[in-house]
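A.B. asks: One structure, as structure tokens, below. Some questions next.
The values are calculated or read from the model by the stated rules, or taken from the named source; none is laboratory data. Just so it is clear, the model here is predicted, and its values are computed rather than measured. Note that each Cβ is placed from the backbone with ideal geometry, even for glycine, and that neighbours are counted across all protein chains shown. Areas reflect the complete protein model, heavy atoms only, side chains present, ligands, DNA and RNA absent. Shrake-Rupley method; radii C 1.70, N 1.55, O 1.52, S 1.80 Å.
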Amino acid sequence: MLTRALRSPLAWVSIVVVGVLAVAGLYWFQPWKLVTDEVVDEALPAVVTSSGAATATPTASATAAPTTTAPAANRVLAAGDFISHEHETRGSAEIVRLANGGHQLVLRGLDTSNGPDLRVWLTDQPVIDGTAGWRVFDDGRWVEVAKLKGNKGDQVYDLPASVDLATTRSVTIWCKRFSVSFGAAELKSA
């Protein structure tokens with residue numbers, strides 16, 4: 001009976017359609033990412049706190065000759081802790097002004113779920129707790145900094161000069177495919 005059903009062109013068309021839908025569904029949802037992690041462990045920039053102490057060891061060689069003038073220092077302009085939205089998210093975010101005048105977004109201890117199309121966005125929107133905050137970030141002005149390098153660990157992103165830091169209120173881990181925030185941090189002046 002089964003061999004007779006497989007002789008029908010309609011049966012083969014149905015099998016092909018089901019196969020195409022299954023492949024498309026796997027591509028779209030990428031369910032394996034729910035059980036896999038991408039860990040990133042980048043060197044974070046040393047920054048000087050308001051007390052004058054460095055928060056990380058500079059990468060300069062210990063054998064370097066001492067300087068007679070105090071070098072320009074990297075400074076944290078704004079910082080905040082992540083809250084969870086669609087997926088549990090922990091860690092912190094900082095906007096760092098580098099001694100050379102550039103800016104970086106630093107994600108410290110990020111821990112969130114993996115997803116099919118995760119991006120790092122800076123936005124002018126406030127961070128709202130709960131499900132009400134899941135979709136607010138694309139309502140206003142936002143800048144896509146980059147694709148998220150990994151869902152766990154320390155990460156550094158160079159910011160383009162075009163980013164308006166005066167209007168930046170938050171950073172979100174944004175799932176572009178499903179238009180939802182996995183987690184976000186409100187950036188408060190340091």
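A.B. asks: Provide a single number: the residues in segment 181-190 that are closer than 16 Å to D124 by Cβ and either at pLDDT below 95 or open to solvent by 10 Å² or more (accessible area, probe 1.4 Å) (or both).
C.D. replies: Qualifying residue count, segment 181-190: 4.
A.B. asks: Considering only residues of segment 116-149 that are among the small types (G, A, S) and surrounded by fewer than 19 Cβ atoms within 10 Å (Cβ to Cβ), which is farthest from E42 (Cα to Cα)?
C.D. replies: Per the criteria, the residue is A132.
A.B. asks: What is the one condition in (1) modelled with pLDDT of 55 or more; (2) more than 15 Å from the chain's Cα centre (by Cα) that G80 does not satisfy?
C.D. replies: Here G80 meets the rest and fails (2).
A.B. asks: Restricting the search to segment 164-180, which residues are of a type in the set (A, V, I, L, M, F, W, C) and either at positive phi or open to solvent by 40 Å² or more (accessible area, probe 1.4 Å) (or both)?
C.D. replies: Answer for segment 164-180, where residues must be of a type in the set (A, V, I, L, M, F, W, C) and either at positive phi or open to solvent by 40 Å² or more (accessible area, probe 1.4 Å) (or both): L165, A166, F178.
A.B. asks: Determine, yes or no, whether G153 is surrounded by fewer than 19 Cβ atoms within 10 Å (Cβ to Cβ), at positive phi and small (G, A, S).
C.D. replies: It is true that G153 is surrounded by fewer than 19 Cβ atoms within 10 Å (Cβ to Cβ), at positive phi and small (G, A, S).
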